[in-house]
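Shown next, in structure tokens, is the structure this report addresses.
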Amino acid sequence: MAEGSIRSVVVVGARVMGRGIALASARAGLKTSVIEPSDAATQSARADLDRILERSREKGELDEDAARATRERLAWGSSYDAVGGADLLIEAVPESLAIKAEVYKSVAPRLKPESVIATNTSSLSITELAATWDRPARFVGMHFFNPVHRMRLVELVRGLETSAETLALAEGAARAMGKETVVVRESPGFVTSRINVLIGNEAFAVLESGVASARDIDKALKLGLNHPMGPFELVDLVGLDTRLSILEYLHRTLGDRFRPSPLLIQYVKAGRLGRKVGRGVYDYPS
């Protein structure tokens, strides 16, 4: 399969990242199937994407015909049978090696020999994930950013056995979706997660020590360092449990400077996981 020859994409997982990736794929003109076992997650995703498309139409970013065509390119289901014709399968399930490996085990017998699997992991080893499949050369990392329809970057992560052809195909898909790319040699946390979690973790340490309030810390980084979002606004969007999982992995692999903040751990234990539950560092009334 040559670069740029992708015509069909399957996204596994319809939660925040999966639905955003599916929308980017469909808007790029690619036939896109979304596989999600949870009916509630599927309904939430469809409603969310309808809202995004409507806002884009209101802002003049696309017309009614383009919005309709995007919806028509999206298919939704709960069965892995839909993966058979996929040129590219993008897995966007939770950051767990066991969960991701189970997905690969389920989809592998159904994929074409030339199909590529991409994982949207923000920190896990591409080589280790690829080893759970019998075609590691056809496996690559495609790290999208939230919200996918606004964020321009995709980190392309090459594992030990990722082929040049696979990397080129993933880059072609990302560019078709309107994204810029950087190529990263596999390393825990890649580039963005590795740096960003340190900023966020230090923000929790500053908050815990009483140096400033959460809102003032966010304001300081936005106005003083020109960050588009404050560290607490961002972690509430990403999910405190997701951030903690990444820090724990980086702590194990890269050492003590990634030790999670005790306050972050406390928030997660209290169930304050961010926007998705209505409460994180900040409260989000329904």
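Pairs meeting the criteria (first residue in region 55-78 and closer than 24 Å to Val12 by Cα, second residue assigned to a helix (DSSP H, G or I) and open to solvent by 80 Å² or more (accessible area, probe 1.4 Å), beta carbons under 6 Å, at least 6 apart or on different chains) are Ala67/Arg57; Thr70/Arg27. Taking region 36-49 as the range and being of a type in the set (D, E, K, R) and either open to solvent by less than 30 Å² (accessible area, probe 1.4 Å) or free of Cβ contacts under 8 Å to residues at least 12 places away in the same chain (or both) as the test, only Glu36 passes.
The number of residues in region 58-73 that are assigned to a helix (DSSP H, G or I) and within 18 Å of Ala22 (Cβ to Cβ) comes to 8.
Restricting region 3-35 to residues that are part of a loop (DSSP other than H, G, I, E, B) and in contact with a Lys or Arg (Cβ under 8 Å, 6 or more places away or on another chain), the residue that is most open to solvent (accessible area, probe 1.4 Å) is Arg7. Being assigned to a loop (DSSP other than H, G, I, E, B), open to solvent by 30 Å² or more (accessible area, probe 1.4 Å) and of a type outside the set (Val, Ile, Thr) is a condition met by no residue of region 97-104.
Restricting Pro285, Pro262, Pro228, Pro188 to those that are touching a residue at least 40 places away in the same chain (Cβ under 8 Å), open to solvent by 80 Å² or more (accessible area, probe 1.4 Å) and not hydroxyl-bearing (Ser, Thr, Tyr) reduces the list to Pro262.
Please specify each residue of region 105-129 satisfying the condition of being under 21 Å from Thr242 (Cα atoms), assigned to a helix (DSSP H, G or I) and touching a residue at least 60 places away in the same chain (Cβ under 8 Å). The one that is under 21 Å from Thr242 (Cα atoms), assigned to a helix (DSSP H, G or I) and touching a residue at least 60 places away in the same chain (Cβ under 8 Å): Ile126. I'm trying to understand the selection: among the residues of region 235-246, which are aliphatic (A, V, I, L, M) and either modelled with pLDDT of 95 or more or open to solvent by less than 40 Å² (accessible area, probe 1.4 Å) (or both)? Selection gives Val235, Leu240, Leu244, Ile246. In region 67-95, the residue that is most open to solvent (accessible area, probe 1.4 Å) out of those that are farther than 25 Å from Leu53 by Cα and not acidic (Asp, Glu) is Pro94. Out of curiosity, is Glu202 open to solvent by 60 Å² or more (accessible area, probe 1.4 Å), among the acidic types (Asp, Glu) and not in a helix (DSSP H, G or I)? So Glu202 does not fit the description; no.
The values are calculated or read from the model by the stated rules, or taken from the named source; none is laboratory data. This structure is a prediction, so every number in the text was calculated from the model and none was measured. All Cβ positions, even for glycine, are placed from backbone atoms using ideal geometry, and neighbour counts span all protein chains on display. Note: areas computed on protein heavy atoms with side chains; ligands, DNA, RNA excluded. Shrake-Rupley method; radii C 1.70, N 1.55, O 1.52, S 1.80 Å.
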